[in-house]
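Below is one structure; the comments refer to it alone.
None of the figures in this text is laboratory data; all of them are computed from the coordinates on show. Quantities reported herein were computed from a predicted structural model and do not represent experimental measurements. Cβ atoms come from the backbone with ideal geometry, glycine included; neighbour counts cover every protein chain shown.
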Amino acid sequence: MTVAAMAGRVSGRASSPADPTFGGVGHPHARLLAGPSEADGAETLDAHLERLGAVPVHRRAGELIEVLRLSGLEGRGGAGFPVADKVAAAIGAGGPCTVVVNASESEPASRKDRTLLRARPHLVLDGAALLAEATESSDVVVQTHRGDSESRAVLRAAIAEREHSGWDPVPVRLSVGPDRFVAGESSAVVAFLEGRPARPRPGPPAAVSGVHGRPTLVQNVETLAHVALIARFGPDWFRSAGGPGSPGSVLVTVAGDVARPGAVLEVWDPTPLGRIVTSCALPGDGTIDGSGPATGAAVLLGGYGGAWAPLADVWALPVDREALRRVGLPLGCGLVGVLSAHACGLRETARLLGYLAAESAGQCGPCALGLPELADRVRALAGSSSSRAAVRRMLQRTDAIVGRGACAHPDGAVHLLESALEVFADDVHRHLRRGSCAGARRPAAFPVPEPGQGWR
């Protein structure tokens, strides 16, 4: 099969215009998730190579960087940093490099990384092998967390297949870290691999000075899978999906008040957020009303440290990082969390803030003192024991937190709160006048795990 034929087979662009522009595992339009159904289990190495062909080998570092630069690939872990720049920084730092596959998906409602790992592990490992070859790395580390034993079992089997075939240029090993919200942050991953607690730390980028001072490329699972496809089919193929400012397909997890919470979709055209929500919605439950959003419904974008928006305001916006950035909204980890108009946005925010406060590393005042205080104040507002003066003090407290933490965790929590006070302003007034609402007694929309134990 020619490369062009393979590209057509992967992208699915030969399908009819009536088909949807997104799909899950096995959907004909999928790129990352193309191939057998998730119900068939993890794709084997032989099946993977039969479907996609081998990754080009002996690609010079400069050539790979140029291909990635032309593709416009940005990291899919949340920060959206250009991958080509990160690889170039690691090579420019000199000395041996370590490549880390960051499989520590720590967002409780996100399922995109584990879906990709459990269905297409070899695509992810191909991307890691390419970066290892380009940076002349001596090893690849796959960092997982204790709460995801299923993905770890799939990875062990995939690594064993590749070892048996002599497929990878360097050894690949698994590392198992704590199941904590901030433990998947790149500097926390580096700290854990050095034998220290998996807490974020300030300092130079890991690509310049990472594990034991060595340049370290920490890349998200989805990012590495994209690298493997770009190496096969080229930057033009990659850019044929997505938008001009944010090329390539993107994985999103739809969560919250929907029929299928945790559904993972691959979006590869400028698909409106409304269409994503409609595909998973619960008609008549305050999410959609006829062909549009229900009045009062909201959406959480970018994860638990992201931002709320009225669903009606973003209904027509495309699922595109650049388009969302322009209106001040994050796509982050790809979470699209839907909240019914019948739910209480203040209660949901209080639950999420409580979780973020409990999951902080506790290394600085904004996290150790500021976040618990904010969580308590929002919890009081969601109940019936707050006042306008308390809300004003809460807003003053946020000014003392933003930009003062040792990492971005407290900033994300504050942005979540500030967006909630704006989007649910009517609820704030009602709660201050009448106390807790009926929506506060509904079942929770988003999962909040028990706080993790330990940092090692």
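For a quick check: sort 104, 386 by the number of other beta carbons within 10 angstrom, fewest at the front. Don't skip to the answer; put the middle values down first.
On the way: 104 33, 386 20.
Fewest to most other Cβ atoms nearby, the residues stand as 386, 104.
Amide H contacts of residue 185 (H built 1.01 Å from N, in plane; Pro and chain starts excluded): no residue 5 or more places away or on another chain comes under 5 Å. Distances between placed amide hydrogens fall under 5 Å for residue 315 paired with no residue 5 or more residues away or on another chain.
Over the range 38-241, with a single point scatterer placed on each C-alpha, what log10 of the ratio I(q)/I(0) does the Debye formula yield at q = 0.09, 0.15, 0.18 1/Å? Treating every Cα as an identical point scatterer, log10 I(q)/I(0) equals -0.30, -0.89, -1.33. List the residues of the range 87-127 whose backbone N lies under 16 Å from a point placed 7 Å from the Cα of residue 156 along the Cα-to-Cβ direction. It comes to 118, nothing else.
Estimated from helices alone, the mean residue ellipticity of the chain at 222 nm is -12000 deg cm²/dmol (sum of -39500 (n - 2.57) over DSSP H runs with n ≥ 4, per residue).
Each Lys or Arg adds one and each Asp or Glu takes one away; over the other residues whose Cβ falls under 14 Å from the Cβ of residue 451, this sums to 0.
For the range 252-349, which GluC sites (Glu not before Pro) pass both filters: DSSP loop (anything but H, G, I, E, B) and at most 15 other C-beta atoms within 10 Å? Write down the numbers at each step before the final one.
Working: sites: 266, 322, 348; in loops: none.
For GluC sites (Glu not before Pro) across the range 252-349 that sit outside H, G, I, E and B with at most 15 neighbouring Cβ atoms in 10 Å, the list is empty.
Modelled this way, with points 7 Å down the Cα-to-C-beta line, the labels at residue 49 and residue 139 are 2.6 nm from one another. Between the helical axis of 409-423 and the dominant principal axis of the chain, each derived from Cα atoms, what acute angle in degrees is found, rounded to the nearest 10? For helix 409-423, the angle is close to 50 degrees. Our note on the geometry: Cα centres of the range 77-111 and the range 201-218, 10 Å apart.
Under 25 °C and 0.890 mPa s, how fast does the range 150-249 diffuse according to Stokes-Einstein, given a Kirkwood radius computed over C-alpha pairs? Answer in µm²/s, whole number.
Working: Rh = 16.0 Å.
Taking Rh from Cα pairs, D becomes 153 µm²/s.
Compute the semi-axes of the equivalent ellipsoid of the chain, taking the square root of 5 times each eigenvalue of the Cα gyration tensor, and list them largest first in whole Å.
Details: eigenvalues 276, 142, 64 Å².
In descending order, the three semi-axes are 37, 27, 18 Å.
Net charge of the neighbourhood of residue 48, taken over other residues with C-beta under 12 Å away and scored Lys/Arg +1, Asp/Glu -1, is -1.
Distance between the pseudo-spin-label points of residue 387 and residue 400 (7 Å out from Cα toward the beta carbon): 1.8 nm.
Bridge orientation summary for the chain: considering DSSP beta bridges with both residues in this region, about 50 percent are antiparallel. Given a cut-off of under 8 Å on Cα pairs at least six residues apart, what relative contact order in percent is computed for the chain? Dividing the mean separation by the residue count of the chain yields 16 percent. Rg/Rh, computed from the Cα trace of the range 345-436 with Rh as the Kirkwood radius, has the value 0.96.
Which net charge results when you count Lys and Arg as +1 and Asp and Glu as -1 among the other residues whose beta-carbon is under 13 Å from that of residue 428? Walk me through the intermediate numbers first.
On the way: positive: 347, 377, 388, 392, 430, 433, 434; negative: 418, 422, 426, 427.
Once positives and negatives cancel, what remains is +3.
Computed 3J(HN,Hα) for the range 181-188, one whole-Hz value per residue from the Karplus formula 6.51 cos²θ - 1.76 cosθ + 1.60 where θ = phi - 60°, is 4, 8, 6, x, 5, 4, 5, 5, glycine and proline marked x.
Footprinting exposure proxy ranking of 208, 277, fewest other C-beta atoms within 10 angstrom first, gives 208, 277.
The amide H of residue 142, built 1.01 Å from its N in the peptide plane, has 101, 173, 174, 175 as neighbours under 5 Å, considering only residues 5 or more places off or on other chains.
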